[in-house]
1. Select from the range A:167-177 the residues that are facing another protein chain (nearest Cβ under 7 Å) and without any contact (Cβ under 8 Å) to a residue 60 or more places away in the chain and list them in ascending order.
2. Name every residue in the range B:77-122 that is at the interface with chain A (Cβ under 8 Å from one of its Cβ atoms), of a type outside the set (A, V, I, L, M) and not in a loop (DSSP other than H, G, I, E, B), in order of residue number.
3. B:Leu189: at pLDDT below 85, among the aliphatic types (A, V, I, L, M) and surrounded by fewer than 21 Cβ atoms within 10 Å (Cβ to Cβ), yes or no?
4. Can you name every residue in the range B:225-237 that is out of contact with any Ser or Thr (no Cβ under 6 Å at 6 or more places or on another chain) and not in a helix (DSSP H, G or I)?
5. Can you tell me which residue among A:Tyr163, A:Tyr185, A:Tyr138 is among the aromatic types (Phe, Trp, Tyr), touching a Lys or Arg at 6+ places or on another chain (Cβ under 8 Å) and buried (at least 18 other Cβ atoms within 10 Å of the Cβ)?
6. How do the strands (runs of 3 or more DSSP E) wholly within the range B:1-76 filter down when requiring 2 or more residues that are polar (S, T, N, Q): which remain?
7. When you go through B:Val174, B:Val158, B:Val240 one by one, which is the residue that is within 14 Å of the chain's Cα centre (by Cα), among the hydrophobic types (A, V, I, L, M, F, W, C) and either in a helix (DSSP H, G or I) or over 30 Å from A:Ala175 (Cβ atoms) (or both)?
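The values are calculated or read from the model by the stated rules, or taken from the named source; none is laboratory data. This structure is a prediction, so every number in the text was calculated from the model and none was measured. Here the Cβ is made from the backbone with ideal geometry for all residues, glycine too, and neighbour counts use every protein chain on show.
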Amino acid sequence: MVALLFVPSLHNDYITVTIRNILMFAAMSYGWNMIGGYTGYVSFGNAVFFGLGCYCSAVLSKYGIDNLVADVALAVVVNAIFAVLVGLPVLRLRGHYFGIATLGILLAASDLVNNLDFLGGSGGLALKQVDQAHFWLYYYAMWLVTLVCMLGTFFIARSKLGYAFVAIRENEDAAEVLGISPTRYKVIAWAIGGVMGGMAGAVFASANGFVDPSIAFAIDNNLFPIVMTLLGGMGTASGPFIGAVLLAGVNEILQQKFIKIHTLFFGAVIVVIVVFLPRGLMYLVGLRGGVRRWFADLRVFKV
Amino acid sequence: MKVSAPRDLCLRVENVGMRFGGLWALSEVSFVVERGTILGLIGPNGSGKTTLMNVVSGVYKPTAGQVIYDGRRISDVATHDVCHLGIARTFQVVKPFASLTVRENVAVGAMYGRLGAKRSAKDAFARTDELLDFIGLARVADRPASDLTIPDRKRLEVAKALALDPELLLLDEVMAGLNHSEVDEALHLLRTVNERGVTLIVVEHLMKAIMSISKHVIVLAEGKKIAEGSPLEVTSSPAVIEAYLGSRFAKRQQEERER
């Protein structure tokens, strides 16, 4: 992470943008990890937060405010409010219904923005022209957002809040009897994750100079963070970052060399992870007892 | 609604009925539990013991009647708030948080239980370490809960409940599946907990265990209370013998006694 501070000094725009995108996906993965990894509620609509963050920047720009700090601050507030309002009804649902509902939220938000003239409809909104001389600024903003997400996750995981999330994931009934209100803590996790995705979106929109619904609510923004977190390790503080670096890195290379089949790669990765690494790479790092223990645990997962 | 209750009364169950579809799993069950006592709750399989525990711990809201704890109706309280009033329970089918360590499992209780709001994570872990020592789990404190043996899982279930700092503890078959010496250890543990001022309701299949620990026993059969009294009284009650061993056996015993 510290090494990534020196990327802009290479003065290579391609590398800077590529790594900025990797950081962006890392931040979004942290967002998904909070609800999907810690509370175990798999969301298929977290891109809605990224998209909302994008439009926060776009709207501010429309009113002549082009300030990254303001962009991020607005995204934090809007996403937190949106997450609580949507989460209160939806997170009363238990299990798989939540996943289906989140997919609905994403599609509804995307359609809504498509038809709102105020937000440019399907034609999108142009932000202030990207300042090429200060290209590094967006890079550092994204770096900082990712760092905040990473450290935030690290400290939350060790706090009372983190234990409530994990207790809900492991056994919601038992958590409830221990005094944890499942709905309240699921909404908190969902809101924290939403804020993380929103911050990434706010910086991205300013750096990109243009947003429309197909960019803001792109299917990749929804799928990649899930796969990245799965690969790195759900419910860990380093997993999303490692997963994002590996997967986005490999994807970038594949996109260069094998443009036609690179999407196939993600499908294959998902299958391999689910079968052999259901707890992700971070699980292997902490593994004691070698291959034998690994296979023993795999059997446990099959149930 | 505040309902006045005598000071030494801990729990009052009034005409509680619980219906699932067309089946009344409990009907017109009433009893009281005095503070500081150990109430035994026995009954054959499917007699409604666990359902009753679920009603008292606020997991189920009763279809009829009411449960009053410390002058408050439990049925008005959300499940996650019942433990803040001072009621803790264990699950018959133990529910550990498998990926967390034993220590973390218990700490979750200490963080969110009756006194949890005042505790930092660090304080909760300090309280946890005391409890693990007391209950005999200190040696496996840092092992994942999924690695534990059956007796240790039962201990963990009790430790999690105790971490809530309860005034009333409901124990749902914590001794099932334990061998003789383990049952003796468990009984000793429960007595110690009780001596520290916690009122207990002990649901158990093992008659012997119940008889040795509680002076007052309630017998359920087919969702109804069929007997109540001292262990000796209930075991000699024809209704209880019938429920456990069938009507022919009860009749024969009755005849033998008359002879």
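1. Step one: of the range A:167-177, the residues facing another protein chain (nearest Cβ under 7 Å) are A:167, A:170-171, A:173-174, A:176-177.
Listed by number, the residues that qualify are A:Ala167, A:Asn171, A:Asp173, A:Ala174, A:Glu176, A:Val177.
2. Result: B:Thr79, B:His80, B:Asp81, B:Cys83, B:His84, B:Arg89, B:Glu104, B:Gly109, B:Tyr112, B:Gly116.
3. Working: at pLDDT below 85: no; among the aliphatic types (A, V, I, L, M): yes; surrounded by fewer than 21 Cβ atoms within 10 Å (Cβ to Cβ): yes.
Answer is no for this residue.
4. Residues of the range B:225-237 out of contact with any Ser or Thr (no Cβ under 6 Å at 6 or more places or on another chain): B:225-226, B:228-237.
Passing the criteria: B:Lys225, B:Ile226, B:Glu228, B:Gly229, B:Ser230, B:Ser237.
5. Details: A:Tyr163 fails: touching a Lys or Arg at 6+ places or on another chain (Cβ under 8 Å); A:Tyr185 fails: touching a Lys or Arg at 6+ places or on another chain (Cβ under 8 Å).
Of A:Tyr163, A:Tyr185, A:Tyr138, the one residue that is among the aromatic types (Phe, Trp, Tyr), touching a Lys or Arg at 6+ places or on another chain (Cβ under 8 Å) and buried (at least 18 other Cβ atoms within 10 Å of the Cβ) is A:Tyr138.
6. Values: elements: B:9-20, B:23-34, B:38-42, B:64-69.
Counting at least 2 such residues, we get B:23-34.
7. Working: B:Val174 fails: either in a helix (DSSP H, G or I) or over 30 Å from A:Ala175 (Cβ atoms) (or both); B:Val240 fails: within 14 Å of the chain's Cα centre (by Cα).
That would be B:Val158, the only listed residue that is within 14 Å of the chain's Cα centre (by Cα), among the hydrophobic types (A, V, I, L, M, F, W, C) and either in a helix (DSSP H, G or I) or over 30 Å from A:Ala175 (Cβ atoms) (or both).
Condition check ((1) outside any helix (DSSP H, G or I); (2) touching a residue at least 60 places away in the same chain (Cβ under 8 Å); (3) more than 10 Å from chain B (Cβ to nearest Cβ); (4) under 24 Å from A:Thr102 (Cα atoms)) across all residues:
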{"site": "A:Lys128", "(1), (2), (3), (4)": "yes, yes, yes, no"}
{"site": "A:Trp136", "(1), (2), (3), (4)": "no, yes, yes, no"}
{"site": "A:Cys149", "(1), (2), (3), (4)": "no, yes, yes, yes"}
{"site": "A:Ile156", "(1), (2), (3), (4)": "no, yes, yes, yes"}
{"site": "A:Phe165", "(1), (2), (3), (4)": "no, yes, yes, yes"}
{"site": "A:Gly179", "(1), (2), (3), (4)": "yes, no, no, no"}
